[in-house]
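S.K.: Here it is, the structure, as structure tokens.
The values are calculated or read from the model by the stated rules, or taken from the named source; none is laboratory data. In this text, all values refer to a predicted model and were calculated from it rather than measured experimentally. Heads up: the accessible areas ignore ligands, DNA and RNA and are worked out on the full protein's heavy atoms, side chains in. Shrake-Rupley method; radii C 1.70, N 1.55, O 1.52, S 1.80 Å.
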Amino acid sequence: MQNVIVIAERHGLLIVFLNVLLSQGGLPLPVIPTLMTVAALARQSPYQIPQIILAGVSGALIAELALYWCGLHYGQRFLGLLCRLSFSPDFCVRRTEDVFARLGPWSLLFAKFIPGLSLITVAMAGITRMPVLTFLLLDGIGGLLFISAAVALGLLFQDAITSILSTLTDLGKIGGLIVLTAIGLYLLIKWWRRRLFIRQLRMDRITVAELRKLIEDGQEVVILDVRPQEIRAEEGTIPGAVSAHPADSDPALRTYPREMEIVVYCACPNEASAANPAKHLKQAGFKKIRPLLGGIDAWVQAGHPIERPG
């Protein structure tokens with residue numbers, strides 16, 4: 001354990017840079033404990049504090065510039081990939097789209113403080129073609145605020161952190177084992193919550209081909225779009241879809257017969273944006289309601305048309 005502390009003291013800047021780079025790039029790595037620990041170890045060398053902040057902000061900007069580029073060039077397909085790879089059950093595309101639609105670029109200032117928000121917000125900046133200079137400025141300020149806050153906590157609780165490190169050092173190999181076990185448990189909990197989240201979403205789904213057949217056969221089916229109005233306006237909707245987003249849902253939705261076939265879709269193929277409204281509608285008495293497997297991405301990829309306002 002003593003060797004680990006020595007490495008952290010000697011190579012703290014590199015550790016911070018790589019930790020923040022990988023974490024902001026999407027890996028489920030804890031950032032705040034690393035920043036707090038390195039800051040606490042550097043308290044006796046105050047000149048290192050600005051360097052720690054600079055290393056963290058640089059790592060965040062590099063990772064998020066890559067995410068911005070992917071969002072810019074791959075659009076909603078990239079959002080779908082993030083959903084499938086994410087370990088976080090609170091990683092919700094619709095919730096992030098809501099925030100981004102209301103606040104626009106300013107959401108980059110605080111996105112890093114909210115779990116599950118940063119990745120999608122950065123990708124949305126690319127998808128909506130935010131100017132790169134605006135993105136770098138606001139994302140850089142947001143990164144500076146987040147990294148500085150974590151470093152400040154490390155300085156504030158320096159005595160407690162160094163006391164814990166001293167105790168772990170006295171324990172020798174057992175102390176190192178405790179640290180590794182804590183990291184392993186953190187990753188295991190993230191993975192397990194993800195598994196529970198996926199299990200929660202398991203319900204009857206309808207494929208794009210099945211929905212298309214229902215429409216072509218002339219069967220009565222209501223298609224609900226639960227995305228925000230701004231996203232629908234920008235990306236279009238499945239023809240005939242009715243707005244069912246909580247902020248601007250169509251009042252006519254309340255008049256539909258409870259026996260009618262209802263299909264719900266959102267932006268992401270692997271999150272709760274469509275499944276949760278489906279469950280609520282079932283509780284409201286609707287007999288047959290299913291999320292669209294793959295969301296609107298699957299509809300577009302199948303080559304079917306979309307409607308755009310105006």
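S.K.: Leu22 to Asp204: extension gain in nm, 0.36 nm per residue of separation minus the Cα-Cα distance?
M.R.: Here the segment from Leu22 to Asp204 would lengthen by 61.9 nm.
S.K.: Okay, next question. To the nearest 10 square angstrom, what accessible area does Glu234 show with a 1.4 Å probe?
M.R.: Ignoring ligands and nucleic acids, Glu234 comes out at about 80 Å².
S.K.: Right, next: To the nearest 10 Å², what's Cys266's accessible area with a 1.4 Å probe?
M.R.: 0 Å²
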